[in-house]
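Chemist: Just passing along the structure, written as structure tokens.
The values are calculated or read from the model by the stated rules, or taken from the named source; none is laboratory data. Keep in mind it's a predicted model, so treat the numbers as computed, not measured. Heads up, the Cβs are rebuilt from the backbone with ideal geometry, glycines too, and the neighbour counts pull from every protein chain shown. When the accessible area is computed, the model is the full protein with side chains, heavy atoms only, and any ligands, DNA or RNA have been set aside. Shrake-Rupley method; radii C 1.70, N 1.55, O 1.52, S 1.80 Å.
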Amino acid sequence: MEKRWKFSILYYLIAILLLFGFQYWFVSKQIPEISYKEFKDYVQLGAVDEVAIGETKIVGKFKSWKSIRETVSDTTHPAYQKLKTLLKRRPPDVQLGFKVVALEDKELLSLLEDHDVNYRGLVESNWFETFLLYWVLPFFFLILLWGYLFRRMGTGPNVMTFGKSRAKIFAEDVKNKITFKDVAGIDEAVQEVREIVEFLKNPAKYQRLGGKMPKGVLLVGPPGTGKTLLAKAVAGEAGVPFFSISGSEFVEMFVGVGAARVRDLFAQAKQKAPCIVFIDEIDAIGRSRAAGPILSGHDERENTLNQLLVEMDGFDSSKGVVIMAATNRPDVLDPALLRPGRFDRQIVVDRPDLNGRIAIFEVHMRHLPLADDVDVKLLAAQTPGFVGADIANVCNEAALLAARRGKDRIDMSDFQEAIERVVAGLKKPNKVINEQERRVVAYHESGHALVGYYLPHGDYVAKVSIVPRGVAALGYTLQTPLEDRYLLTREELLDKITSLLGGRAAEEVVFQTISTGAANDIERATEIARNMVLVYGMSKRLPNFSLSETDKSPFLGAPPREKFLSDKTAQIIDQEVQEIIDDCYRRARDLIIQHRDKLETLAQTLLEKEVVDRKELESILGKPQHQPKSDGA
Ligand code: ADP
Ligand code: MG
Ligand code: ZN
């Protein structure tokens, strides 16, 4: 792009120079300049037909050679000979022009009168020339220079297309088409996106029963997990026009440009429907309007965001325009964007687990010459916490290393070193967990899972994972109640607390020490226990006795406030809460000690596979004795 621009500026310069050169050549060829002396001689000779006299120059016309020959008698005059050579090679009835640099000469007019030369005044340089030369040209050059500089800076507008969106249609790039085959390890996200592609390819089929196409789809996930890649794959697969623009491109330095771009983008999209509009890094425009310093002047971004909201509301999805967006900061997005009718469907693009990483390694190794000793499973096992971009980076680095060492094939040692380099270069080293930490996390999560699984009223354990997630969590155990519950019994609450404490209990049993990893569990467990005592009146010593103010505050979900309490009551509350927690912790510990062998198996499986689903969980822990609850057990 930049190169082409440079190229065209060169064209302009050459064209202008040529123009000037041509004009200069043409004019000078046509009109010979003669000296003042010669000019007077020609007048006296009677060879001049008419002149125009300006301040600095005189231009004039000779009579045609034919009439000169007829009228001039003194053919021996030196001026006659000179004129002869000047006019000789031209057609005899053409009147040749000439120009002279003007001198101060009071007798010129009478001389002209005497020889019957027609004369007039001359306003030098007409307005058009002046205008062009002194106004248009410099302006033109300035604009050219300006646009050029902006281009070089890599930002800024194309001079010609201020308000135009710069959305690229990249489905047309047939040669380097990216398809779902290039996206690995995020199968769930691919599956959801595939549905949308199907919808666009065949809207009638899906609308037959009144189904509505989703209007906006938001891809959410940490950086480098393949959100942009996934969108490109959609473009490659969809077979419909695909407009792609990055959020940061909307936010320009000129007021109103962002909003104009949005308008233009949607106008284009509507014309090309069915199609997909993809807004990458939407957080650049979609940041919450409430957040941020008040005086920072983000009006421009806000206008853009408002325009986007207006446009999204303003068309209906049955026309076949689907808007996709990607972000790694869903937390900062303006809530208005997530409202129904806008980006109401979210697709999580998460960090890949072990199998996912194997698949991603395989994708990026497809075109690499590999030595026989390359063990993809081992590589994937050595890179917990890596995202797709990291793995792509490892493969590239390994290829470079092998080439530098003059090898024909990339072997395991190259990959090993590449991993070390990439780890060293990661901005977020805390996400790459060391072996000991991984073990702790594995036992901790196994503890949650095992306790939750064996408790009579524990929530359904759907999945255990030690793939790091979000900002803080190093692993998670997915426990979902099988049904929506509005009433919870005392036993159920106690079991909730117990399974929350299962993680820490497992750490203590296995490692004889505890870590900070359980902070969030303990916070949640304590909150439930406090509510049991304060709100639900479930304690032994203060039963059926509400100790909190009923919630009269206008804000929903505000935490219950304590009534005015005597010191003694406050003490009893604290003791009660402590007792509940202690009891639950003891139960969790007992369960873990009782099933120590199974904890061991589960933790080892986790270390190996990173994710254990319900089916495998059942095969490790045995059929549940108490679940599902609907059995009435
Ligand atoms: P994001 O947009 O989520 O930050 P990108 O899509 O830009 O991440 O990923 C950067 C690069 O990393 C991709 O071009 C691709 O080479 C590689 N990559 C990321 N995720 C994957 C994946 N799931 N499968 C294969 N390659 C991936
Ligand atoms: Mg991206
Ligand atoms: Zn935990």
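Chemist: Any residue in the stretch 386-404 that is closer than 10 Å to PHE361 by Cα sitting within a Cβ distance under 8 Å of a residue that is among the charged types (D, E, K, R)? List the pairs, counting only those 6 or more apart or interchain.
Modeler: Close Cβ pairs satisfying both conditions: ILE391/ARG357.
Chemist: Here's a follow-up. Go over the candidates GLU492, GLU507 one by one and state the one that is within 16 Å of ligand 3 (Cβ to nearest atom), of a type outside the set (S, T, N, Q) and either modelled with pLDDT of 75 or more or within 40 Å of the chain's Cα centre (by Cα) (or both).
Modeler: None of the others qualify; the one that does is GLU507.
Chemist: Ok, one more. When ASN430 is evaluated against the numbered criteria (1) at pLDDT below 90; (2) more than 27 Å from the chain's Cα centre (by Cα); (3) of a type in the set (S, T, N, Q); (4) in a helix (DSSP H, G or I), which criterion, by number, is the only one it fails?
Modeler: Every condition holds for ASN430 apart from (2).
Chemist: Hey, another quick one. Restrict the check to the stretch 303-324 and report whether at least one residue is closer than 18 Å to ILE245 by Cα, at pLDDT 85 or above and within 16 Å of ligand 1 (Cβ to nearest atom).
Modeler: yes
Chemist: Could you list, in sequence order, the residues of the stretch 445-470 that are in a loop (DSSP other than H, G, I, E, B), open to solvent by less than 10 Å² (accessible area, probe 1.4 Å) and more than 30 Å from PRO223 (Cβ to Cβ)?
Modeler: Listed by number, the residues that qualify are LEU455, GLY458.
Chemist: Restricting to the stretch 378-403, and then to whatever is modelled with pLDDT of 90 or more, surrounded by fewer than 20 Cβ atoms within 10 Å (Cβ to Cβ) and not hydrophobic (A, V, I, L, M, F, W, C), can you tell me which residue is farthest from ASP182 (Cα to Cα)?
Modeler: GLU397
Chemist: How many of the residues in the stretch 196-222 are at pLDDT 75 or above and exposed (fewer than 14 other Cβ atoms within 10 Å of the Cβ)?
Modeler: 4
Chemist: Looking only at residues in the stretch 64-93 that are within 15 Å of GLU38 (Cα to Cα) and among the basic types (Lys, Arg), which one is least open to solvent (accessible area, probe 1.4 Å)?
Modeler: The selected residue is LYS84.
Chemist: Any residue in the stretch 220-237 that's more than 16 Å from ligand 3 (Cβ to nearest atom): show its pairings with residues that are open to solvent by 50 Å² or more (accessible area, probe 1.4 Å) and β-branched (Val, Ile, Thr) at Cβ separation under 7 Å, as long as the two are six or more apart or on different chains.
Modeler: VAL220/VAL348; GLY221/VAL348
Chemist: State which residue pairs qualify: first residue touching a residue at least 24 places away in the same chain (Cβ under 8 Å) and inside the stretch 348-375, second residue open to solvent by 70 Å² or more (accessible area, probe 1.4 Å) and within 16 Å of ligand 3 (Cβ to nearest atom) in any location, beta carbons under 9 Å apart, and separation of 6 or more residues or different chains.
Modeler: Pairs found: ASP350/ARG469; ARG351/ARG469.
Chemist: Is it true that some residue in the stretch 331-339 is assigned by TED's automatic domain parsing to the domain that holds LEU200 and within 11 Å of ligand 1 (Cβ to nearest atom)?
Modeler: No, the stretch 331-339 contains no residue that is assigned by TED's automatic domain parsing to the domain that holds LEU200 and within 11 Å of ligand 1 (Cβ to nearest atom).
Chemist: Does any residue in the stretch 592-618 that is outside the structural domain of GLY502 (by TED's automatic domain parsing) and in contact (Cβ under 8 Å) with a residue 60 or more places away in the chain come within less than 7 Å, Cβ to Cβ, of a residue that is surrounded by fewer than 13 Cβ atoms within 10 Å (Cβ to Cβ) and among the aliphatic types (A, V, I, L, M) six or more places away or on a different chain, and which pairs are these?
Modeler: none
Chemist: Turning to a different aspect of this structure: Of everything in the stretch 347-370, what is open to solvent by 50 Å² or more (accessible area, probe 1.4 Å) and either assigned to a loop (DSSP other than H, G, I, E, B) or away from ligand 2 (no atom under 16 Å from the Cβ) (or both)? Give them in sequence order.
Modeler: ASN355, GLU362, HIS364, ARG366, HIS367, PRO369
Chemist: Does the stretch 554-568 contain any residue that is open to solvent by 60 Å² or more (accessible area, probe 1.4 Å), assigned to a helix (DSSP H, G or I), more than 30 Å from ALA381 (Cβ to Cβ) and modelled with pLDDT under 90?
Modeler: Scanning the stretch 554-568 turns up at least one residue that is open to solvent by 60 Å² or more (accessible area, probe 1.4 Å), assigned to a helix (DSSP H, G or I), more than 30 Å from ALA381 (Cβ to Cβ) and modelled with pLDDT under 90.
Chemist: Select from the stretch 49-76 the residues that are assigned to a loop (DSSP other than H, G, I, E, B) and under 13 Å from TYR119 (Cα atoms) and list them in ascending order.
Modeler: GLY54
Chemist: Return the residues of the stretch 485-507 that are part of a helix (DSSP H, G or I) and either out of contact with any helix residue (DSSP H, G or I) (no Cβ under 7 Å at 6 or more places or on another chain) or within 16 Å of ligand 2 (Cβ to nearest atom) (or both); say none if nothing qualifies.
Modeler: ARG490, GLU491, GLU492, ASP495 - these are the residues of the stretch 485-507 that are part of a helix (DSSP H, G or I) and either out of contact with any helix residue (DSSP H, G or I) (no Cβ under 7 Å at 6 or more places or on another chain) or within 16 Å of ligand 2 (Cβ to nearest atom) (or both).
Chemist: I would also like to ask the following. Does ASP182 satisfy the condition of being modelled with pLDDT of 90 or more and either open to solvent by 20 Å² or more (accessible area, probe 1.4 Å) or within 16 Å of ligand 3 (Cβ to nearest atom) (or both)?
Modeler: Here the answer is yes, as ASP182 does meet what is asked.
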